[in-house]
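Let me begin by presenting the structure, written as structure tokens, before commenting on it.
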Amino acid sequence: MNSLKPKLTLIGSSTGGPGLLEQIITSFTKRLNGSIIIAQHMDSLSLESFARRLNRINKVTEVVFCSNSQINIETNTIYLLNDTARLVESIRLQLQRVKDFNGIYHPTIDELFFSAAKLKRYAIHAYLLSGIGADGAKGLKALKDAGRYCVAQDEKTSIVYGMPKSAKEIQAVSAVLSIDEIIKDINVFLA
């Protein structure tokens, strides 16, 4: 991997995700050498409250609640998606809300991952955490096929093993890791 490329960490989660995300975010002890974008299945009001909580418990970086239709991605920032969004590469990397998306889950993890698979100038690590269903599995496969590092959470540390299991079943993963291993992996990548 080219260490000169900007680093982007993508995280998709659902049932059990908020507690896992808190563990990840409170593990950071210094500035992040990259950005994190999180798609957590949750209603809008709860997500906004969750973003405020993450900002209170996190000592290193800002958590941005993405409620605008277009946001420029900055280093040392964590973005919590309010709705389904895709990454668009122009002069700067941007998150753009997908209008009129009729998917079951919001934000939709697959849509985020599919758009990231098209990015060329970024080093990307993607993580699919605990959750019901299969959202994120096909998008993770697209990222893996594009040569990106893709991780599914293991069954033992998942609250619900649906999404990570779906990704593993379609061979969309570079590794299957426990939440503690995922935390270490993200910290090493963004050091």
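Being of a type in the set (Ser, Thr, Tyr), farther than 18 Å from Met42 by Cβ, in contact (Cβ under 8 Å) with a residue 40 or more places away in the chain and out of contact with any Phe, Trp or Tyr (no Cβ under 9 Å at 6 or more places or on another chain), is that true of even one residue in the stretch 168-179? Looking through the stretch 168-179, none of the residues is of a type in the set (Ser, Thr, Tyr), farther than 18 Å from Met42 by Cβ, in contact (Cβ under 8 Å) with a residue 40 or more places away in the chain and out of contact with any Phe, Trp or Tyr (no Cβ under 9 Å at 6 or more places or on another chain). Could you list, in sequence order, all residues of the stretch 49-87 that are more than 23 Å from Phe28 (Cα to Cα) and either aromatic (Phe, Trp, Tyr) or surrounded by fewer than 15 Cβ atoms within 10 Å (Cβ to Cβ) (or both)? Of everything in the stretch 49-87, those that are more than 23 Å from Phe28 (Cα to Cα) and either aromatic (Phe, Trp, Tyr) or surrounded by fewer than 15 Cβ atoms within 10 Å (Cβ to Cβ) (or both) turn out to be Asn68, Ser69, Gln70. Out of the residues in the stretch 1-48 that are within 17 Å of Pro164 (Cβ to Cβ) and of a type in the set (Ser, Thr, Tyr), which is surrounded by the fewest Cβ atoms within 10 Å (Cβ to Cβ)? Step by step, filter the stretch 1-48, then rank; the result is Thr15. Residues that are in a loop (DSSP other than H, G, I, E, B), touching a Leu at 6+ places or on another chain (Cβ under 9 Å) and under 25 Å from Thr61 (Cα atoms) within the stretch 149-191 comprise Leu190, Ala191, listed in sequence order. For the stretch 93-121, name all the residues that are among the aromatic types (Phe, Trp, Tyr) and either under 14 Å from His41 (Cα atoms) or surrounded by fewer than 18 Cβ atoms within 10 Å (Cβ to Cβ) (or both). Result: Phe101, Tyr105.
Quick note: the coordinates plus some simple rules give every number you see, no bench work behind them. All values reported here derive from a predicted model rather than from experimental measurement. Positions of Cβ are generated from backbone atoms using ideal geometry, with glycine treated the same way; all protein chains shown enter the neighbour counts.
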